[in-house]
1. What does the accessible area per residue of segment 32-132 come to in Å², with a 1.4 Å probe and no ligands, DNA or RNA counted?
2. For VAL47 and LYS129, calculate 0.36 nm times their separation in residues minus their Cα-Cα distance, and state this gained length in nm to one decimal.
3. Please list, in chain and number order, the residues 5+ apart from PHE85 or on another chain whose amide H is under 5 Å from its amide H, with Hs placed from the backbone.
4. Using 16 Å as the cut-off for backbone N distance, which residues of segment 74-90 belong to the label zone defined by a point 7 Å from the Cα of GLU39 along Cα→Cβ?
Amino acid sequence: MKLPGQIVVSYSQSFQPEAAIAYQEKRRGPRYSFIASAELIEVKADVRIASRVSELSLHGCYLDMMNPFPKGTLVLVKISAGDAFFEAKAKIIYEQPNMGAGVGFLEIVPESQAVLERWLDEAEKEREKQSK
């Protein structure tokens with residue numbers, strides 16, 4: 001019921017805060033839920049952090065960890081799932097203390113690129129299966 005002088009504003013289901021829209025536009029490809037073991041290595045200091053991948057894309061991943069490296073840190077990321085192994089030079093794009101970090105891949109060897117593409121193909125098939 002509308003009262004005199006009252007303005008009614010309705011938002012569609014796709015309403016998102018501007019920050020979320022701006023952030024999504026930075027992504028170059030789709031992200032997929034993907035669970036795997038990971039290790040981050042800060043090469044200069046040889047500091048290693050065990051982690052878990054929760055999201056994966058062609059250009060990076062999200063790693064769950066309590067104490068992520070600071071934004072901008074260059075790392076070596078190693079991911080293993082089943083009998084497959086992936087390794088890339090990467091950079092911490094953003095960090096969320098007590099939660100994890102977004103990692104962007106910088107340099108991937110061809111063998112690891114093939115593994116990544118296979119994982120993403122499998123994740124896409126799983127997403128399509130769940131949407132039916």
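The values are calculated or read from the model by the stated rules, or taken from the named source; none is laboratory data. What you see is a predicted model; the values in this text were computed from it and never measured. Every residue, glycine among them, receives a Cβ derived from its backbone with ideal geometry; neighbour counts consider all protein chains shown. For accessibility, only protein heavy atoms count, side chains too; no ligands or nucleic acids. Shrake-Rupley method; radii C 1.70, N 1.55, O 1.52, S 1.80 Å.
1. 58 Å²
2. 25.6 nm
3. none
4. 75-90
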